[in-house]
Amino acid sequence: MTTTRHFDVSDSAIEAAARLMRNGEVVAFPTETVYGLGADASSPAGIERIYEAKGRPRHNPLIIHVSDVEMARRMAHFNPEAELAAASFWPGPLTLLLPKREDAGLATAVTAGMKNVAIRFPSSSVAQRLIRAVGFPVAAPSANRSGKVTSTRFVEVVRQLDGRISGIVEEDICDHGLESTILSLVGSPIILRHGSVPREALEALLGPIDEDTGPQKVSAPGQLKSHYAPEAAVQMNVDRPAANMVWVGFGPGCEGCQMTLSSSGDLQEAARNLYTAMSEADALAGAGDVIAFAPVPLIGLGRAINDRLRRAAAPRCA
């Protein structure tokens, strides 16, 4: 069992956390989306420890996080659409899948041996400071056990990963509450994962965009069918819950719901609350109980919320 150090966000603590990562260790840290589980993306040992700590399948690649656009350009080939998307949405919750440069210096396991790499420039100042201190892109999937509920709070990271990783940076600033949107710009634009940047915003910039809709070989993070799941079973689109259900409402009129994603029907609020509500509902659920979510509209951030709920409700053997 690993001794997990807890770091504040002072300059000395950030440097100490970065030193661990430069030495091939894994440190969880907050971003504006969710908590990430970070390692120096050039370190085979560090990347292997990410997969071990999460219990993550080795065929599921990782997102690398950069501290500026120039660092990203050293990792991947940018076409005009990528330059436009980066100028419009970076720093922020958009991940771009791009052709990897042969001289990028990334550990092979970061991309699961594939020729493309997923890159994000987070807006979180804590994340940016940590990446700059490491001095190289940081590979970072969400800081949770593979397939389980994503962590947006320090206490959740501790619950799932304390004793499995070398450090956790403590600051609860995951304002978006949902992972980044993943946009492939290898060929025509395709949304591989809905997230904190709505499809409408991307299409306003780039025109019509396809989305990944069918089973295929995993080409980017967040594509596993069963994912983001609590221990209890999950059902979607429930407006009349049964007795064995912990009901999570959305919008006005959810009399009898134990909690709500947003009583006013605000999708941004619902996105921020999704994983916390999922964890709290899981704590309330008894043996055989089901976590039931009220319908959430399939517009804007609602697409990403429904995507996470579908994956949480998928058969766990998938």
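Quick notes on this structure:
- Selection from segment 98-116 of residues that are within 18 Å of R56 (Cβ to Cβ) and either assigned to a loop (DSSP other than H, G, I, E, B) or not small (G, A, S) (or both): L106, A107, T108, V110, T111, A112, G113, M114
- Within segment 146-159, the set of residues being open to solvent by 20 Å² or more (accessible area, probe 1.4 Å), within 20 Å of D307 (Cβ to Cβ) and assigned to a loop (DSSP other than H, G, I, E, B) comprises S146 only.
- Segment 264-281, residues that are small (G, A, S) and not in a helix (DSSP H, G or I): S264, G265
- Selection status of R164, assigned to a loop (DSSP other than H, G, I, E, B), within 20 Å of A18 (Cα to Cα) and in contact with a helix residue (DSSP H, G or I) (Cβ under 6 Å, 6 or more places away or on another chain): yes
- Close pairs (7 angstrom Cβ cut-off, 6 or more residues apart or separate chains): open to solvent by 80 Å² or more (accessible area, probe 1.4 Å) in segment 230-243, acidic (D, E) anywhere: E231/D282
One line per residue, one yes/no per condition, for (1) closer than 16 Å to I64 by Cα; (2) open to solvent by 50 Å² or more (accessible area, probe 1.4 Å); (3) over 15 Å from the mean Cα position of the chain (by Cα):
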residue: P137; (1), (2), (3): yes, no, yes
residue: L161; (1), (2), (3): no, no, yes
residue: E179; (1), (2), (3): yes, no, no
residue: L183; (1), (2), (3): yes, no, no
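- Selection from segment 50-75 of residues that are more than 12 Å from V138 (Cα to Cα) and in a helix (DSSP H, G or I): Y51, E52, A53, K54, V69, E70, R73, R74
- Some residue of segment 288-304 being in a loop (DSSP other than H, G, I, E, B), open to solvent by 20 Å² or more (accessible area, probe 1.4 Å), modelled with pLDDT under 95 and of a type in the set (A, V, I, L, M, F, W, C): no
- Criterion applied to S184, S180 was being modelled with pLDDT of 90 or more, touching a strand residue (DSSP E or B) at 6+ places or on another chain (Cβ under 6 Å) and closer than 23 Å to R145 by Cβ, and the one residue passing it is S180.
- Applying the criterion of being touching a residue at least 60 places away in the same chain (Cβ under 8 Å) and under 20 Å from the mean Cα position of the chain (by Cα) to the residues of segment 124-135, the residue that is surrounded by the most Cβ atoms within 10 Å (Cβ to Cβ) is L130.
- If you go through segment 194-219 and keep only what is at pLDDT 95 or above and within 28 Å of R56 (Cα to Cα), you end up with H194, G195, S196, V197, P198, R199.
- Of the numbered criteria (1) touching a residue at least 40 places away in the same chain (Cβ under 8 Å); (2) in contact with a Ser or Thr (Cβ under 9 Å, 6 or more places away or on another chain); (3) not basic (K, R), the one W90 fails is (1).
- Within segment 18-47, tally of residues that are hydroxyl-bearing (S, T, Y), over 23 Å from H176 (Cα atoms) and touching a Lys or Arg at 6+ places or on another chain (Cβ under 9 Å): 1
- Number of positions in segment 20-38 that are crowded, with 24+ Cβ neighbours inside 10 Å and part of a loop (DSSP other than H, G, I, E, B): 4
Residue by residue, here is whether (1) at positive phi; (2) in contact with a strand residue (DSSP E or B) (Cβ under 7 Å, 6 or more places away or on another chain); (3) charged (D, E, K, R) holds:
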position: P91; (1), (2), (3): no, no, no
position: P99; (1), (2), (3): no, yes, no
position: E102; (1), (2), (3): no, no, yes
position: K115; (1), (2), (3): no, yes, yes
position: V126; (1), (2), (3): no, yes, no
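- Among the candidates A13, A104, A41, residue that is in contact (Cβ under 8 Å) with a residue 60 or more places away in the chain, open to solvent by less than 60 Å² (accessible area, probe 1.4 Å) and over 18 Å from the mean Cα position of the chain (by Cα): A13
The values are calculated or read from the model by the stated rules, or taken from the named source; none is laboratory data. This structure is a prediction, so every number in the text was calculated from the model and none was measured. Backbone-built Cβ (ideal geometry, glycine too); neighbour counts: all protein chains shown. Areas reflect the complete protein model, heavy atoms only, side chains present, ligands, DNA and RNA absent. Shrake-Rupley method; radii C 1.70, N 1.55, O 1.52, S 1.80 Å.
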